[in-house]
Amino acid sequence: MATQTETLEFQAEARQLLQLMVHSIYSNKDIFLRELISNASDALDKLRLSAFKDKDLDVDVSDLRIDIETDPERRTLTVRDNGIGMSRDEVVGLIGTIAKSGTAELLRTLRESKDSEASRELIGQFGVGFYSSFMVADRVTLLTRRAGESDGTRWESRGEGTYTIDTVPGAPQGTAVTLHLKPEDAEDQLHDYTSRAKIKEIVRRYSDFITWPIRMETGEEGEEAEILNSRKALWARPKDETTEEEYRELYKHLSHDWADPLETIQFMAEGTFEYQALLFIPSRAPLDLFMRDAKRGVQLYVKRVFIMDDCEELMPEYLRFVKGVVDAQDLSLNVSREILQQDRHIRLMRRRLVKKVLGSVKGMLTDKPEQYDTFWREFGKAVKEGIVTDADNQEAILDIASFETTHDPERPTTLARYVERMKEGQEHIYYLTGASRSVIEKSPHMEALRAKGFEVLLLTDPIDEMWAGSVTGFAGKTFQSIAKGQVDLPGGDDETESESERTEQRRNFAPLLEWMTTTLEEHIKEVRLSTRLTSSPACIVGETYDISPALAKMYEAAGQEVPSAKRILELNPDHPLVAGLRAAHAGETKDTAALAETVELLYGMALLAEGSELLDPQRFTALLADKLTGTL
Ligand SMILES: Nc1ncnc2c1ncn2[C@@H]1O[C@H](COP(=O)(O)OP(=O)(O)OP(=O)(O)O)[C@@H](O)[C@H]1O
């Protein structure tokens, strides 16, 4: 007997997602069954694992299965499992709320998106699981009892603002989800989900690989229920015995993505440590790719038994978007995270998995450029983290990376292509980091390189700041920031000034540079002449091994102390303002205070030109206003 019924409200975000489901945005409604079977299969996995780990848990795991029952008269469809079940609190927490990261952002994007195709894609990426029942049902009942507990829970909702919940003593262990189906409507792709043939077709198409039996009564008295799925573990089957379609469906089951994967990677390792791996690269980045608690997508199985989701030990963080299954034959079912962390075989396995993934991206780069472009657009930012965190594969990652470049504003370049295009005598791969392509392109540091026709990589991701300063080189060429150190451009397209001219210039400017260095000593450590400027009067550069201002800012934002390194102000001796300053400073009757103000403005201009902030904007504008007034 059910106890008193309690009516609860859905959490706001859950309500909004439900609305989307009820006024379904999907055309293919059949997939609700895949979602329910997927949940049931997970619940059976969990029960088997719990029973194995907790010997005191009194459960029968000898006949774990999923049953589908239909009642054409009452127009109901039930998906029943004898898995782990849910406690009352779990029902409220898991079904009444959406604990997934990225929900709020997803809903905001959906609200802003007017395009229903785009909305469908977005929500598909998120995966709405259980709620998809409301595409085909106007009322859903869930009866569940958690293994080890005596009372069960009944949950029921019409997919509107509220749901009811009550306690049901003596409910069978596991979960039964009953859908009270909406009327058939062929136009709206609402099929007859009480039809055996339809159910069979859907199970075959979407859930064939589920390792648990999915059963359905034949309707004939005395006949055994029929098992609808073939239960073949795809990863343990040779490639030529598996169809693309089967791979795709497994991918969707694992990832909850509704789109097809971009690439499938399958391999089997034999020998002393045997395992099978089936990995997928999705075709788009998940919404939570850059969130702190983003999950990694590889599941660990041991001898066909599901052990854990999100196995960090198998995939490094920078490849967190890779989904799939790894099934190891020689581990104990009892394996824990701690054991995994210390296991030498697991480390070898991970190394091999990473090599396979990077190798398959390299394959795309050579053979399937369009696919590669999609990959890099979606995941490049995450993959670049590996340049810093995975020293063993640094070369391999640089090899598959693409970067924006001055060579072609439309297409990013690989480093190999950059190196091919390098000029004679060019030893360095030039790059500049900054907030955006347009800021970097206009930076004074670019001037001489542009004038002389050198290609520069334009690095705009925060992670670029981290690796660019620490990686030594690629294909024997070193990286050089054009905002750091001295830039000695070889030959180039321009004629270079003769050495004697330069010596003469240095001598002429020495007193000004010395005086300016003292005047600005609070902010910079040296003023010197520049070889990188053609039209701007000045720019600021760092020493070769200094951290860039943007990186310093990132560290500060992360709460880390950054030793403040003073940088160097470089002057363009050919600019009239700089030439004028030199003349004025050399003059007999100079106004040192006024000159110092001009120098301060010059320094401020150099900061603005590279996209940095002024130290004291009020003072800068006051000085500038004063100088401008003087010109009138
Ligand atoms: N048959 C079931 N048995 C036990 N727990 C279940 C069952 N169905 C759902 N749950 C619980 O409810 C949670 C929410 O289910 P839901 O289908 O909404 O999302 P999900 O499966 O976690 O995620 P996704 O959107 O990725 O499918 C599940 O994670 C699971 O903990």
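The values are calculated or read from the model by the stated rules, or taken from the named source; none is laboratory data. Owing to the predicted nature of the structure, the values given are computational and were not obtained by experimental measurement. A quick note on method: Cβ atoms are made from the backbone with ideal geometry, for glycine too, and the neighbour counts reach across all protein chains shown. For the accessible areas, the whole protein counts, side chains as well, though only heavy atoms, and no ligand, DNA or RNA atoms are used. Shrake-Rupley method; radii C 1.70, N 1.55, O 1.52, S 1.80 Å.
Residues that are buried (at least 18 other Cβ atoms within 10 Å of the Cβ) and modelled with pLDDT under 70 within the stretch 121-141 comprise LEU122, ILE123, GLY124, GLN125, PHE126, VAL128, listed in sequence order. Here ILE37 passes the criteria (1) open to solvent by 40 Å² or more (accessible area, probe 1.4 Å); (2) within 15 Å of the ligand (Cβ to nearest atom) except the one numbered (1). Pairs meeting the criteria (first residue in the stretch 405-418 and over 19 Å from GLY473 (Cβ atoms), second residue aliphatic (A, V, I, L, M) and part of a loop (DSSP other than H, G, I, E, B), beta carbons under 7 Å, at least 6 apart or on different chains) are THR406/VAL456.
Before we move on, is SER360 open to solvent by less than 40 Å² (accessible area, probe 1.4 Å), free of Cβ contacts under 8 Å to residues at least 60 places away in the same chain and more than 16 Å from the chain's Cα centre (by Cα)?
On the way: open to solvent by less than 40 Å² (accessible area, probe 1.4 Å): yes; free of Cβ contacts under 8 Å to residues at least 60 places away in the same chain: no; more than 16 Å from the chain's Cα centre (by Cα): yes.
It is false that SER360 is open to solvent by less than 40 Å² (accessible area, probe 1.4 Å), free of Cβ contacts under 8 Å to residues at least 60 places away in the same chain and more than 16 Å from the chain's Cα centre (by Cα).
Residue pairs whose Cβ atoms lie under 6 Å apart, sitting 6 or more positions apart in sequence or on different chains, and linking a residue in the stretch 73-98 that is at positive phi to a partner that is more than 10 Å from the ligand (Cβ to nearest atom) and among the polar types (S, T, N, Q), are GLY85/GLN173. Within the stretch 62-85, the set of residues being open to solvent by less than 30 Å² (accessible area, probe 1.4 Å) and within 15 Å of the ligand (Cβ to nearest atom) comprises LEU64, ILE66, ASP67, ILE68, LEU77, THR78, VAL79, ASP81, GLY83, ILE84, GLY85.
I want to confirm something. Restricting to the stretch 444-481 and keeping residues that are among the aliphatic types (A, V, I, L, M) and not in a helix (DSSP H, G or I), which single residue is surrounded by the fewest Cβ atoms within 10 Å (Cβ to Cβ)? By that ranking, first place goes to ALA475.
Residues checked against (1) open to solvent by less than 80 Å² (accessible area, probe 1.4 Å); (2) assigned by the TED database to the domain that holds ARG292; (3) in contact with a strand residue (DSSP E or B) (Cβ under 8 Å, 6 or more places away or on another chain); (4) among the small types (Gly, Ala, Ser):
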{"position": "ARG528", "(1), (2), (3), (4)": "yes, no, yes, no"}
{"position": "THR534", "(1), (2), (3), (4)": "yes, no, no, no"}
{"position": "LEU577", "(1), (2), (3), (4)": "yes, no, no, no"}
{"position": "ALA596", "(1), (2), (3), (4)": "yes, no, no, yes"}
{"position": "GLU610", "(1), (2), (3), (4)": "yes, no, yes, no"}
{"position": "LEU614", "(1), (2), (3), (4)": "yes, no, no, no"}
{"position": "LYS627", "(1), (2), (3), (4)": "yes, no, no, no"}
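Any residue in the stretch 505-517 that is closer than 25 Å to TYR545 by Cβ, touching a residue at least 60 places away in the same chain (Cβ under 8 Å) and either in contact with a strand residue (DSSP E or B) (Cβ under 7 Å, 6 or more places away or on another chain) or open to solvent by less than 50 Å² (accessible area, probe 1.4 Å) (or both)? Within the stretch 505-517, one or more residues are closer than 25 Å to TYR545 by Cβ, touching a residue at least 60 places away in the same chain (Cβ under 8 Å) and either in contact with a strand residue (DSSP E or B) (Cβ under 7 Å, 6 or more places away or on another chain) or open to solvent by less than 50 Å² (accessible area, probe 1.4 Å) (or both). Within the stretch 401-442, which residues are closer than 20 Å to ILE463 by Cβ, outside any helix (DSSP H, G or I) and not aliphatic (A, V, I, L, M)? Answer for the stretch 401-442, where residues must be closer than 20 Å to ILE463 by Cβ, outside any helix (DSSP H, G or I) and not aliphatic (A, V, I, L, M): SER402, PHE403, GLU404, THR405, PRO412, THR413, THR414, TYR430, TYR431, THR433, GLY434, SER436.
Need at least 1 residues that are under 29 Å from GLU465 (Cβ atoms) per element, so show me which helices (runs of 4 or more DSSP H) inside the stretch 536-632 make the cut, counting only ones lying wholly within it. Steps first, answer last, please.
On the way: elements: 549-557, 576-586, 592-609, 617-631.
Once the helices (runs of 4 or more DSSP H) in the stretch 536-632 are filtered for at least 1 residues that are under 29 Å from GLU465 (Cβ atoms), what remains is 549-557, 592-609, 617-631.
Where strands (runs of 3 or more DSSP E) sit wholly within the stretch 142-239, those with at least 1 residues that are open to solvent by less than 20 Å² (accessible area, probe 1.4 Å), touching a Gly at 6+ places or on another chain (Cβ under 9 Å) and in the same structural domain as ASN28 (by the TED database) occupy 151-157, 162-169, 174-181.
In the stretch 419-443, the residue that is most open to solvent (accessible area, probe 1.4 Å) out of those that are over 25 Å from PRO549 (Cα atoms) and either among the aromatic types (Phe, Trp, Tyr) or free of Cβ contacts under 8 Å to residues at least 40 places away in the same chain (or both) is GLU420.
Quick one: which of VAL92, VAL59 is modelled with pLDDT of 85 or more, open to solvent by 20 Å² or more (accessible area, probe 1.4 Å) and farther than 30 Å from GLU13 by Cβ? Give the steps one after another, and end with the answer.
Details: VAL92 fails: farther than 30 Å from GLU13 by Cβ.
That would be VAL59, the only listed residue that is modelled with pLDDT of 85 or more, open to solvent by 20 Å² or more (accessible area, probe 1.4 Å) and farther than 30 Å from GLU13 by Cβ.
Residue by residue, here is whether (1) without any contact (Cβ under 8 Å) to a residue 12 or more places away in the chain; (2) touching a Lys or Arg at 6+ places or on another chain (Cβ under 6 Å); (3) under 30 Å from ILE463 (Cβ atoms) holds:
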| residue | (1), (2), (3) |
| --- | --- |
| GLY542 | no, yes, yes |
| LEU551 | no, no, yes |
| MET554 | no, no, yes |
| GLN560 | yes, no, yes |
| SER564 | no, no, yes |
| ARG567 | no, no, yes |
| PRO573 | no, no, no |
| GLY587 | yes, no, no |
| LEU595 | no, no, no |
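Is there any pair with a first residue in the stretch 225-236 that is free of Cβ contacts under 8 Å to residues at least 24 places away in the same chain and a second that is not in a loop (DSSP other than H, G, I, E, B) whose Cβ atoms are under 7 Å apart and which are 6 or more apart or on different chains, and what are they? If the second residue must be not in a loop (DSSP other than H, G, I, E, B), the pairs left are GLU226/ARG215; GLU226/MET216; ILE227/ILE214; ILE227/ARG215. Of all residues in the stretch 238-249, none that is touching a residue at least 24 places away in the same chain (Cβ under 8 Å) has its Cβ atom under 6 Å from the Cβ atom of a residue that is of a type in the set (A, V, I, L, M) and open to solvent by 60 Å² or more (accessible area, probe 1.4 Å), 6 or more apart or on another chain.
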